[in-house]
Amino acid sequence: MKKMRFAIIGLGRLGHKCVEAVSAGQDTELAGIVLRTVTASKFKTDIPVVTHVSELKNVDAAFICVPADAVFGRCRKPAAKPHPYSGMCASSRRRLPQA
């Protein structure tokens, strides 16, 4: 079975938790991390760190882990090839059920 590849946009507290969850999954794989600015010396990892999700290859879905007021600016042009669900965003104030 093909692994689902995820990009993480933003690397605050929520972004770190998403990286942990995707990395721990057996059927998920981390395609890369998207940050506003990238300082190469800051990241010593095999995971690609880029400034736009379109720079990553074979991304199936992305977690948008930026403050709510920044979501619209980051989602306006998500990728060169639109995805059917690219216009859907969940409210950042909605609580998810605890596992």
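How many nm separate the modelled label positions at residue 47 and residue 68, each set 7 Å beyond the Cα in the direction of the Cβ?
Inter-label distance under the simple model: 2.6 nm.
Tell me, what HN-Hα J-couplings in whole Hz come from the Karplus equation 6.51 cos²θ - 1.76 cosθ + 1.60 at θ = phi - 60° for each residue of the range 7-22, using x for Gly and Pro?
9, 10, 9, x, 9, x, 4, 5, x, 4, 5, 5, 4, 4, 5, 5
Report the extension gain between residue 20 and residue 58 in nm, rounded to one decimal, defined as 0.36 nm multiplied by the number of residues separating them, less their alpha carbon distance.
Taking 0.36 nm per residue and subtracting the Cα distance, the gain is 11.7 nm.
Values in this text are rule-based calculations from the coordinates and carry no lab data. Being a predicted model, the structure only gives us computed values, none of them experimental. Glycine gets a Cβ as well: all are built from the backbone with ideal geometry, and neighbour counts include every protein chain shown.
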